[in-house]
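A.B. asks: First the structure, which I've put down as structure tokens, then a few questions once you've had a look.
The values are calculated or read from the model by the stated rules, or taken from the named source; none is laboratory data. Not measured: the values here are computed from a predicted model. For neighbour counting, all protein chains shown are included, and Cβ atoms are generated from backbone atoms with ideal geometry for every residue, glycine included.
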2 protein chains.
Amino acid sequence: MSQSSKGKVAIVGSGLIGQFWAMIFAGGEYEVTIYDIVPEQVSKVLNNVQANLSKYEREGCLRGKLSAANQTQLIRGSSDIESCLKDAIYVQECVPESVDLKRKVFDQLDAFITEDMVLATSSSCLGVSLFAGNMKNKHRTLVAHPVNPPYFVPLVEIVPGPWTSKDAVEKTQKILESVGQSPVTLSKEVPGFALNRIQYSIINECWNMYKDGLLSAADIDKVMVDGLGPRYAFIGPLETMHLNADGIVDYCERYAQGAFNVCQTMNPPPILYDADTAKDILSEIGKSIPVSEVPSRRVWRDNRLAALSALKTKLKEKIE
Amino acid sequence: MSQSSKGKVAIVGSGLIGQFWAMIFAGGEYEVTIYDIVPEQVSKVLNNVQANLSKYEREGCLRGKLSAANQTQLIRGSSDIESCLKDAIYVQECVPESVDLKRKVFDQLDAFITEDMVLATSSSCLGVSLFAGNMKNKHRTLVAHPVNPPYFVPLVEIVPGPWTSKDAVEKTQKILESVGQSPVTLSKEVPGFALNRIQYSIINECWNMYKDGLLSAADIDKVMVDGLGPRYAFIGPLETMHLNADGIVDYCERYAQGAFNVCQTMNPPPILYDADTAKDILSEIGKSIPVSEVPSRRVWRDNRLAALSALKTKLKEKIE
């Protein structure tokens, strides 16, 4: 481990999310080893990462204080799991979303986990209680769920399992904060964690309004993009209540009854997002974004998220 | 009416929202007359508007192509309702949110409404069915609900009453689009319109998660601000589904069952946003934003909304 780095981080799994994690930790001046079982995949991934870091540098959205070249030097590849984990203080697993696969990988990693390491899974819906139960070191495991694309969207949901030690949670919070991510910590495992519980609540009401013929799919999306969304890029739902009156207590006195009356007229969550409605919506959305253009629209979205991330950083620096 | 303007708009009610509407329509090159029953209030308001337009010009966020001085010239005041409405093509009412008051004002305006005028209320929750029923010209009435601050958040919810003519709806869409607002059109009146139905769905789940001790108030807000919110500034909930898979039909095939399972574990909407929970949340939020600092935090928020609005405009121009 070089003297200048803050410590070593191991990334297990070299897909898109694994590559993002590698760049984020290198930006935060950690030494990174990224693991893949296939050696050719490892070198492909290192080339990708190098190209992306250079691109971010050219576009002015590279994270951290080091140059892209110096960050690239912090990232190594490995197809040997033992040497990948050796001396690491933090392990971020990002293999595909399957209980069986996660169990297999976690069991394999168990032998190399030490008392001050954390083993975090990037899983978006599987808590460690589902697959880490047989491990000797299960108290060092937890979920650290990023949001796509994590390089420009900093939230990470930390979800401890029933056996996760307080120390592992606190260490994860610290490490993620030190690289500029924004960790939140759930007190326990719940289905959907917090982000998807909120996201599905939104989709449920939008789905019901669409099925009720209340407004078009394009107009539903506009309500968010041109109405609620800009706020939510800067203030959350609770602070919104706080600011829309003289504090949140005053908000509830003034508006809780009205809100309750509105909620009484809401339909229950849809029984699945049904295929017929999905096809109806597609016949509308597909006119502006055909399925074949979804990949390029994702690039469009990510460019905007990068620009917003840069704006938010600029506004923060202005204050400090 | 001057030759150069696009027509005359009447603003009835000179509070904050009325002043925003005046500036928006002047930016769109309409001639504006803003009404208040108290002549002193009228001159105060005109001074305010002039000062704000100059400020926006200095800060580079003035809307439209005319200078602040030229826009100011387009705005007049009046404390005579007949002359305020004379020759107007569109009337935007923004008096306080009371059924009795709205009924009184609409009945008074009725005598001056012509067949090609639209009479829109800025109401955030009262449909015209509640107070326009006695009017001769009720088919020319509808809701045009803006979002605060409308100068930087373009959404307007158009909500027709049971008697509103198609022509009045279409004319409103056209006029609002011509000044750079982003109108959506509901097919009928529903409690909360669309925006608050979505907003309350979000608050409901956040409230339940907080009461369940799942995560702190600050962390709930972070899930939005650092996770979901940045997306929603650019793409709506339906497009998000579309992009998170190979189109929305594929999304539903892959994720609807999982989402449904998560939703099965959600509690029903809270019975009111109760005062005890509100006080708990305040004891946390109040540390960073005491109630006494809510007004200055609103300025902080609006500055960010202005900056995001400028960024979105810049990104749009880049494409065209």
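A.B. asks: Which number in (1) of a type in the set (D, E, K, R); (2) under 24 Å from A:Val169 (Cβ atoms); (3) at pLDDT 95 or above marks the one condition that A:Arg58 misses?
C.D. replies: (2)
A.B. asks: Looking at segment A:55-68 only, could you name the residues that are under 14 Å from A:Ile24 (Cα atoms) and among the small types (Gly, Ala, Ser)?
C.D. replies: A:Gly64, A:Ser67, A:Ala68
Results for (1) among the aromatic types (Phe, Trp, Tyr); (2) farther than 28 Å from A:Leu305 by Cβ; (3) loosely packed, with under 14 Cβ neighbours inside 10 Å, shown as yes or no for each residue.
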position	(1), (2), (3)
A:Gln41	no, no, no
A:Val49	no, no, no
A:Asn52	no, no, no
A:Cys61	no, no, no
A:Ser67	no, no, yes
A:Asn70	no, no, no
A:Ile89	no, yes, no
A:Lys102	no, no, no
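A.B. asks: Restricting attention to segment B:176-205, report how many residues are more than 7 Å from chain A (Cβ to nearest Cβ) and among the aromatic types (Phe, Trp, Tyr).
C.D. replies: 1
A.B. asks: Out of segment A:104-129, which residues are touching a helix residue (DSSP H, G or I) at 6+ places or on another chain (Cβ under 7 Å) and loosely packed, with under 15 Cβ neighbours inside 10 Å?
C.D. replies: Within segment A:104-129, A:Gln108 is the sole residue that qualifies.
A.B. asks: Would you tally the residues in segment B:95-112 being in contact with a strand residue (DSSP E or B) (Cβ under 8 Å, 6 or more places away or on another chain) and not in a helix (DSSP H, G or I)?
C.D. replies: Here the count works out to 1.
A.B. asks: Could I ask something else about it? Going residue by residue through segment B:139-148, is there one that turns out to be at pLDDT below 95 and among the polar types (S, T, N, Q)?
C.D. replies: yes
A.B. asks: So is B:Pro230 surrounded by 18 or more Cβ atoms within 10 Å (Cβ to Cβ) and either in contact with a Ser or Thr (Cβ under 6 Å, 6 or more places away or on another chain) or at pLDDT below 95 (or both) or not?
C.D. replies: No, not satisfied.
A.B. asks: Something else: Based on what the data block shows, is B:Leu155 within 8 Å of chain A (Cβ to nearest Cβ), in contact with a Pro (Cβ under 8 Å, 6 or more places away or on another chain), over 27 Å from B:Gln108 (Cα atoms) and buried (at least 24 other Cβ atoms within 10 Å of the Cβ)?
C.D. replies: Against the criterion (within 8 Å of chain A (Cβ to nearest Cβ), in contact with a Pro (Cβ under 8 Å, 6 or more places away or on another chain), over 27 Å from B:Gln108 (Cα atoms) and buried (at least 24 other Cβ atoms within 10 Å of the Cβ)), B:Leu155 qualifies.
A.B. asks: Give the residue, chosen from B:Ile248, B:Ile281, that is within 27 Å of A:Val147 (Cα to Cα) and in contact with a His (Cβ under 6 Å, 6 or more places away or on another chain).
C.D. replies: Answer to the check: B:Ile248.
A.B. asks: Right, another one. Considering only segment A:134-171, state which residues are of a type in the set (A, V, I, L, M) and free of Cβ contacts under 8 Å to residues at least 60 places away in the same chain.
C.D. replies: A:Met135, A:Leu142, A:Val143, A:Ala144, A:Val147, A:Leu155, A:Val156, A:Ile158, A:Val159, A:Ala168, A:Val169
A.B. asks: Answer yes or no: is there a residue in segment B:301-311 that is more than 7 Å from every other protein chain (Cβ to nearest Cβ), over 22 Å from A:Val184 (Cβ atoms), in a helix (DSSP H, G or I) and more than 30 Å from the chain's Cα centre (by Cα).
C.D. replies: Checked against the condition, which is being more than 7 Å from every other protein chain (Cβ to nearest Cβ), over 22 Å from A:Val184 (Cβ atoms), in a helix (DSSP H, G or I) and more than 30 Å from the chain's Cα centre (by Cα), segment B:301-311 yields no hits at all.
A.B. asks: I'm trying to understand the selection: among the residues of segment B:164-215, which are touching a Phe, Trp or Tyr at 6+ places or on another chain (Cβ under 8 Å), surrounded by fewer than 21 Cβ atoms within 10 Å (Cβ to Cβ) and of a type in the set (Gly, Ala, Ser)?
C.D. replies: Result: no residue meets the conditions.
A.B. asks: Restricting to segment A:236-252, and then to whatever is of a type in the set (D, E, K, R) and surrounded by fewer than 20 Cβ atoms within 10 Å (Cβ to Cβ), can you tell me which residue is nearest to the other protein chains (Cβ to nearest Cβ)?
C.D. replies: Among them, the one singled out is A:Asp246.
A.B. asks: Now for a different question. Search segment B:261-272 for residues that are more than 7 Å from chain A (Cβ to nearest Cβ) and pair each with any residue that is in a loop (DSSP other than H, G, I, E, B) and surrounded by fewer than 15 Cβ atoms within 10 Å (Cβ to Cβ) when their beta-carbon atoms are under 8 Å apart and the residues are at least 6 apart or on different chains.
C.D. replies: From residues that are more than 7 Å from chain A (Cβ to nearest Cβ), the pairs are B:Asn267/B:Asp212.
For (1) assigned to a helix (DSSP H, G or I); (2) of a type outside the set (Val, Ile, Thr); (3) farther than 19 Å from B:Asn196 by Cα, each residue gets a yes or a no:
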| site | (1), (2), (3) |
| --- | --- |
| A:Trp163 | no, yes, yes |
| A:Lys174 | yes, yes, yes |
| A:Glu177 | yes, yes, yes |
| A:Val225 | yes, no, no |
| A:Leu228 | yes, yes, no |
| A:Ile235 | no, no, no |
| A:Ala256 | yes, yes, no |
| A:Ile271 | no, no, yes |
